[in-house]
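Trainee: Can you keep this structure in mind? I'll have questions shortly.
Laboratory data are not the source of any read-out in this text; all were calculated from the coordinates shown. What you are looking at is a predicted structure, and each value in this text was computed from that prediction instead of being measured. Backbone-built Cβ (ideal geometry, glycine too); neighbour counts: all protein chains shown.
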Amino acid sequence: MRIDVVSIFPEYLAALDLSLIGKARRENLLDLNVHDLRDYTHDRHRTVDDTPYGGGAGMVMKPEPWAAALGRIAVESPVATATGEKPILIVPSPAGAVFDQAMAYELAEAQHLAFACGRYEGIDERVIEHASEAYDVRPLSIGDYVLNGGEVAVLAMVEAIGRLIPGVIGNPESLVEESHSDGLLEYPVYTKPASWEGREVPEVLLSGNHAKIARFRRGKQLERTAARRPDLILQLDPETLNRHDRDALWHSGFAVHEGKIIPRSELAWG
Ligand code: ADE
């Protein structure tokens, strides 16, 4: 996969040289290029921002350097040349759709992703419209809070996407059971020693009984998700829940009623 990131703080992206993503780059699974937006300016001060039309606080990123940087990346895109397809341009923004694991899986299939890191109050909106001629543009948020710029969001998204590229993670099975892969949070994990500071590892995990262990873990997933992310429980398909699952949910305050999952408090006889 090719990834291009445009930022006025290219050093921010140095963390992508570390750990599994760094290794994937060295192994050529990931061709990651970071561009300094100021290299696409033409004035002595390398200006990238200006005051907003209509007034208001802060500064807005000027369209010209962005058009030059994104134009260059689009022209050099391996997808555009090979298949005529549009590369995907992700614009991190608190005003974007929320990035999630399903999106990470979808984006991990792409051949070319570009990221445009805005700073200040954002990028002149016309850049986004103009870019959609050459790119499939996706404004994406990493959560309902405001960062100072897109760089940290890019670090999060590139890591979430990059680890799903075949070959990046040594043991792909570890992807199957992790949080969010089946709409639930992951079960708790333990390692040696079996007894530590007077706290014991749950006995069933020492039993060697794989069916029992699987049931215990699934129960913990449901219990934990119900406590921490009840919104995810309400999105489950009741058809996928067996008797043990329904029991676990019942004990965590949810019921399957007339083909729907509802909080137990909403049962008429609750
Ligand atoms: N830029 C500023 N805040 C952001 C957020 N929550 N997600 C993505 N990009 C951002």
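Trainee: What are the residues in region 11-48 that are touching an Asp or Glu at 6+ places or on another chain (Cβ under 9 Å), closer than 20 Å to I88 by Cα and part of a helix (DSSP H, G or I), if any?
Mentor: L13, L16, I21, R25
Trainee: Name the pairs whose Cβ atoms lie under 8 Å apart, with the first residue in region 132-143 and more than 24 Å from E76 (Cα to Cα) and β-branched (V, I, T), the second within 16 Å of the ligand (Cβ to nearest atom) and part of a loop (DSSP other than H, G, I, E, B), and 6 or more positions between them or separate chains?
Mentor: Every condition considered, the pairs that remain are I142/F99.
Trainee: Quickly run through region 240-270 and pick out the residues that are under 18 Å from H180 (Cα atoms) and of a type outside the set (A, V, I, L, M, F, W, C).
Mentor: So in region 240-270, the residues under 18 Å from H180 (Cα atoms) come out as 240-241, 245, 249.
T240, D245, listed by residue number.
Trainee: Take region 175-206 and flag every residue that is of a type in the set (V, I, T) and assigned to a loop (DSSP other than H, G, I, E, B).
Mentor: The initial filter retains those residues of region 175-206 that are of a type in the set (V, I, T), namely 176, 189, 191, 201, 204.
Scanning region 175-206 gives V189, T191, V201.
Trainee: Still on this structure: Restricting attention to region 166-196, which residues are surrounded by 17 or more Cβ atoms within 10 Å (Cβ to Cβ) and among the aliphatic types (A, V, I, L, M)?
Mentor: Once the filter is applied, which keeps residues that are surrounded by 17 or more Cβ atoms within 10 Å (Cβ to Cβ) and among the aliphatic types (A, V, I, L, M), region 166-196 yields V168, L184, L185.
Trainee: Pick out, from region 73-148, the helices (runs of 4 or more DSSP H) lying fully within it that include 3 or more residues that are within 15 Å of the ligand (Cβ to nearest atom) and among the aliphatic types (A, V, I, L, M).
Mentor: Details: elements: 78-83, 101-107, 125-131.
So the answer is 101-107.
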